[in-house]
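Heads up, the thing below is written out as structure tokens.
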Amino acid sequence: MAEGRRRTYDNSRRSAQARLTRTEIYRAAFRLFGEQGYAATSLPQIAAAAGVSVETVRKLGPKSGLLDGAREVAVFDESGVDEVLDTAVLREV
């Protein structure tokens with residue numbers, strides 16, 4: 001490599017995977033909150049439903065943050081719009 005030239009690092013694949021993982025966690029949280037209720041849903045249950053570790057779920061913040069993220073994904077993610085319109089969690093809000 002020529003002196004003074006830095007190799008560029010393209011992390012777009014990693015960013016896309018992280019975004020997908022976050023979306024899956026929020027979708028799982030939204031579904032479980034709707035089925036079981038907010039208080040009855042645990043972080044380990046969300047992790048299992050999303051197929052990730054509890055530590056990965058915890059990186060997104062407390063359970064209240066998961067609820068906020070789940071609402072955003074459900075409302076703004078086109079694939080989840082039909083699901084949102086028919087969910088008890090949204091009706092409670």
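Things to note:
- Enumeration of residues in the stretch 35-93 that are among the acidic types (D, E) and either more than 22 Å from Q17 (Cα to Cα) or modelled with pLDDT of 80 or more (or both): E35, E55, D68, E72, D82, E83, D86, E92
- Members of the stretch 18-50 that are open to solvent by 50 Å² or more (accessible area, probe 1.4 Å) and farther than 22 Å from F76 by Cα: Q36, A39, A40, P44, Q45, A48
- Per-region count, the stretch 51-60, residues assigned to a loop (DSSP other than H, G, I, E, B), over 11 Å from Y26 (Cβ atoms) and under 11 Å from the mean Cα position of the chain (by Cα): 2
- Within the stretch 1-50, tally of residues that are over 15 Å from A70 (Cβ atoms), of a type in the set (S, T, Y) and assigned to a helix (DSSP H, G or I): 2
The values are calculated or read from the model by the stated rules, or taken from the named source; none is laboratory data. Values in this document were obtained by computation on a predicted structure and should not be read as measured data. As a convention, Cβ positions derive from the backbone with ideal geometry for all residues, glycine included, and neighbour counts pool all protein chains shown. In case anyone asks, the SASA skips ligands and DNA or RNA and just uses the protein heavy atoms, side chains included. Shrake-Rupley method; radii C 1.70, N 1.55, O 1.52, S 1.80 Å.
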